[in-house]
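Read the structure below first, then the notes.
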Amino acid sequence: MILLLASLALFLLLGIPVAYSLALSSLSYFVFIHPELAVVLPQRLFAGMSSYVLIALPLFILMGQIMNASGITKRLISFCLIFVGRLSGGLGLVNVAASMLFGGISGSSASDTASIGSILIPEMERRGYPKDFAAGITVASSTMGMIIPPSIPMVIYAVTAQESVGRLFLGGLVPGLLVGTFQLGITYWLACRRRYPKEPTRFSAGQIVAESLRSSYVLLMPIFVVGTVVLGVATATESAGLGVLYAACVGFLVTRHLKPAEFYRALESSIQTSAKIMMIIATSQMFIWVLALERVPETVAGVVVSLGLSPVVMLLLISLIVLIAGTFIDVSPAILLLTPVFLPAIIQADVSPVLFGVILVSGLAVGACTPPVGNCLNVCSLVSGLRIGTIFRAAGPFLAANVIVLILITLFPELVLWVPHALMD
Amino acid sequence: MKKLEATLNRVLESIATLCFLAILMIVITLVVLRYVFNSSITGANELITVLFVYSTAIGAAVAVGKREHITISVVAERLPRGLRRMIDALGLLLVASLNGVLVWYSIDWIGTTGDFLMPSTELPRIVAQISIPLGSGLAVLYCVFRLARALIGEEALGESWTPEGESEKAPDTP
């Protein structure tokens, strides 16, 4: 086991891609410990790739890209402006609110950061907000993209833990909304203290109805996608496929911003992105197989149980490990590595795997906004032109909301489990 | 050599994209058939899984050539340039060797089980299994391309792979 972990650390530090580091460390194990088992490598790789549920992954990515190319970001911003624009720090509040809605469409935080940040960061700067504040709020609010359904990391966890995608989608709903609500509160408090501007928007019943009707095609989409999975109308893969069809109809027929060439580019880039994630998933199957062979998950579970920790303390400890791991490892590989290690202990402690999944994804969402390896920070740095450290410092108060929600869902699991129980049991 | 690699990229990306388009069409068709015509296509789910494996294997190989795989580059980026070049070359050799091993073991695996039929489509398993040596073989080819281009001075080694997660970050990608 030491050889396996040490070689993985070495390959990762040498800068070898995560997917191939996982496979190389598995190969090292076979070469030095069990050469007779090395023949299973291609089989494990094939088994890792041939998952019907994971076909949802490129389809969800494509759905988000098409909606993005269809010009929905501006529509979401206009919609949110009506509700919160006239308050102090209006554009900051719009940034958070738009991320809550965008999270329900793209399922990806990086996409949220790029789409909303490229519009709102320059606009907020023009209206007198400090640029680091605009970037910080953009990056922190984008974490909701991973938590609010549909969520790509939740699909990856569902497949790894063999849990229901629908339950995980619903489990992320309340925590995602809580993060948004807390971030709205923090933004408003900071805006009042720092006297950030209000936007000259009117708030009337007529405006709300008109703006809601204009945005209905965007607002209905997450309900449609998640609803089809939860109601059992379609599998996660089919639901993602229908989501792509819906997005294409919006892009080609409603907004008419989508062109066939853009559709093809979105297809090409979605499958390329998916291939990179899928390769990590596939090679992690090799790695997990070796971990299972060495009985690592059982050993970890045994150690955790022998400590005699209560489920709450255990989950708090795991949350801490997830927060630390998230700063060094990207979301997908972290899910694939941490799930098989901790899940047996979680099940033995009689904790819901859905709760663990939501805690895992919520914790890793914070990691996506922290250096040295913060995917969303990288994107925001590109969009805003600011240094990663500057953005992280500005995002700090908003990320505190994520950590508070992480603690809350650990202490009060019903915040996660109530919606899936109510709608699916 | 650069042109050759670019052409190969275009061809492979087109194949992966067409596989994905076919997956999308079949998935949507299946739902429509089920709810509108109360019907289905036997083996369709198996077929889209096979197409997905191909698109992943090919897409992952192309990502080796384009240096787009997700990497933790925090340490490697801070090393002196000379050392970085050596490590980059070593990394390419390791990735090529790994994929070579995968091709080698695939031959035995496919030889043993390739004739078995898949349960729904009743196609021989080799149709799906061949995707693994194909993708791995292409990855070896891309590593050789990169090393050869470095040797003839067309490309400098030592530039990091895409930093972790960056492949998912551009505005046109999630």
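The values are calculated or read from the model by the stated rules, or taken from the named source; none is laboratory data. Only a predicted model underlies this, so the values are computations on that prediction, with no experimental measurement involved. For neighbour counting, all protein chains shown are included, and Cβ atoms are generated from backbone atoms with ideal geometry for every residue, glycine included. Side chains are part of the model used for accessible areas, which takes the heavy atoms of the whole protein and leaves out ligands, DNA and RNA. Shrake-Rupley method; radii C 1.70, N 1.55, O 1.52, S 1.80 Å.
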- Message: How far apart, in nanometres, would the label points at B:ARG85 and A:VAL312 be if each is projected 7 angstrom from Cα along the Cα-to-Cβ direction?
- Response: 6.0 nm
- What accessible surface, in Å², does a 1.4 Å probe find on A:TYR246, ignoring ligands, DNA and RNA and rounding to the nearest 10? 50 Å²
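Quick check on chain A: helices-only [θ] at 222 nm, where DSSP H runs of length 4 and up contribute -39,500 (n - 2.57) each and the sum goes over total residues. Nearest 500, please. Please report the intermediate quantities before stating the final value.
Values: 22 runs with 333 residues, N = 425.
Rounded to the nearest 500, it is -25500 deg cm²/dmol.
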- Query: With every protein chain present, what accessible area does A:TRP189 have (1.4 Å probe, heavy atoms only), rounded to the nearest 10 Å²?
  - Reply: 140 Å²
- So A:MET1 and A:LYS259, fully extended at 0.36 nm per residue minus their Cα-Cα distance, gain in nm 87.7 nm
- Heavy atoms only, probe 1.4 angstrom, no DNA, RNA or ligands counted: give me A:ASP350, B:ASP108, B:ASP88 ranked by accessible area, highest first. A:ASP350, B:ASP108, B:ASP88
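Given R₀ = 41 Å, FRET efficiency for B:VAL75-A:VAL39 by Cβ-Cβ distance, to 0.05? Working shown, then result.
On the way: r = 33 Å, r/R0 = 0.81.
So the FRET efficiency works out to roughly 0.80.
At a 1.4 Å probe radius, which order do A:MET278, A:MET424 fall into by accessible area, largest first?
Working: A:MET278 0, A:MET424 60 Å².
Descending order: A:MET424, A:MET278.
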- Message: So, taking all protein chains as they sit and a 1.4 Å probe, how much accessible area belongs to A:HIS421, in Å² rounded to tens?
- Response: 90 Å²
- Item | Dipole of the protein assembly as shown, positive end: most advanced residue of A:PRO397, A:ILE55, B:VAL74 [Cβ charges, Cα centre] | A:PRO397
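For the protein assembly as shown, give the magnitude of the charge dipole about the Cα centre (Cβ charges: +1 Lys/Arg, -1 Asp/Glu; no others), in debye to the nearest 20. Provide the component values of the computation, followed by the final result.
Numbers: 35 positive and 33 negative charges, 393 e Å.
Charge dipole, the protein assembly as shown, about its Cα centre: 1880 debye, nearest 20.
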- In what sequence, largest accessible area first, do A:VAL209, A:VAL403 appear using a 1.4 Å probe? A:VAL209, A:VAL403
- Item | A/B buried area, accessible surface, summed, 1.4 Å probe, Å² | 5900 Å²
- In degrees, nearest 10, range 0 to 90: what is the angle between the Cα axis of helix A:173-194 and the longest Cα principal axis of chain A? 50 degrees
- Message: Can you give me the long-range amide H partners of B:THR71? Hydrogens built in the peptide plane at 1.01 Å from N, cutoff under 5 Å, separation of 5 or more residues or another chain.
- Response: A:VAL18, B:GLU164, B:GLY165, B:GLU166
- Message: I'd like to check one number: the per residue accessible area of chain A, probe 1.4 Å, reported in Å² as a whole number.
- Response: 35 Å²
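Rounded, prolate or oblate: which fits the protein assembly as shown, taking a ≥ b ≥ c as square roots of the Cα gyration tensor eigenvalues, rounded meaning a/c under 1.5, else prolate when a/b beats b/c? Could the numbers behind the result be given before it?
Values: a/c = 1.43, a/b = 1.37, b/c = 1.05.
Verdict is rounded for the protein assembly as shown.
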- MRE, 222 nm, helices only [DSSP H, n ≥ 4, -39500 (n - 2.57), over chain B, to nearest 500]: -23000 deg cm²/dmol
- Counting only protein heavy atoms with a 1.4 Å probe and every protein chain in place, the carbon and sulfur fraction of the accessible surface of chain A in whole percent equals 68 percent
- Message: Please report the spacing between the Cα centers of segment B:22-62 and segment A:133-173 in Å, no decimals.
- Response: 25 Å
- Cα-centred dipole magnitude for chain B, charges only on beta-carbon of K, R (+1) and D, E (-1), debye, nearest 20: 380 debye
- Hey, which of these cross-link pairs are over 24 Å Cα-Cα: A:LYS131/A:LYS198; A:LYS259/B:LYS3; A:LYS74/A:LYS198; A:LYS74/A:LYS131? A:LYS259/B:LYS3
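Once you keep just the Cα pairs under 8 angstrom separated by 6 or more residues, what percentage relative contact order results for chain B?
Values: 186 pairs, mean separation 55.7, N = 174.
Over chain B, the number comes to 32 percent.
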